[in-house]
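First comes the structure, then the notes that go with it.
What follows draws every value from the coordinates through simple rules; no lab data is involved. Owing to the predicted nature of the structure, the values given are computational and were not obtained by experimental measurement. Cβ placement follows ideal geometry from the backbone for every residue including glycine, while neighbour counts extend to all protein chains displayed.
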Amino acid sequence: MTVPSPEELDSFKYSDLQNLAKSLGLRANLKAEKLLRALKAHLKEEAGREKEHQAEGQTSHLGYPPLLFPGTLAGSWKGSGAART
């Protein structure tokens, strides 16, 4: 299911807002104005979480800085030729 943007919600019928709220796990028996505000807040929150998640995925792998992975830089574990004890 494609989730609409908060701006698109303004053109939805009340029954469509209710169905969307139900599918997102939100209360659907609110008055139209409150339901619209709740849906917009939920979608804004989800967009923020998604943006955070994408940013985390781009900065590191499993929470470790890239420098800690062997073989990623010259002189690192692989091919350094240095004997380990």
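Quick notes
- Charge-dipole axis of segment 6-46 as Lys and Arg at +1 and Asp and Glu at -1 on Cβ define it, positive-most pick from L9, L43, L30: L30
- Applied to segment 33-49, the Karplus parametrisation 6.51 cos²θ - 1.76 cosθ + 1.60 on θ = phi - 60° returns per-residue 3J(HN,Hα) values of 5, 5, 5, 4, 5, 5, 5, 4, 5, 5, 5, 5, 5, 5, 5, x, 5 Hz, with x for Gly and Pro.
- L30/Q54 FRET efficiency (R0 35 Å; Cβ-Cβ; nearest 0.05): 0.70
- Taking a ≥ b ≥ c as the square roots of the eigenvalues of the Cα gyration tensor, segment 6-46 is classed as rounded, since a/c falls below 1.5.
- Given their separation in residues at 0.36 nm each and the Cα-Cα distance between them, S5 and S23 gain 5.0 nm when the chain is fully extended.
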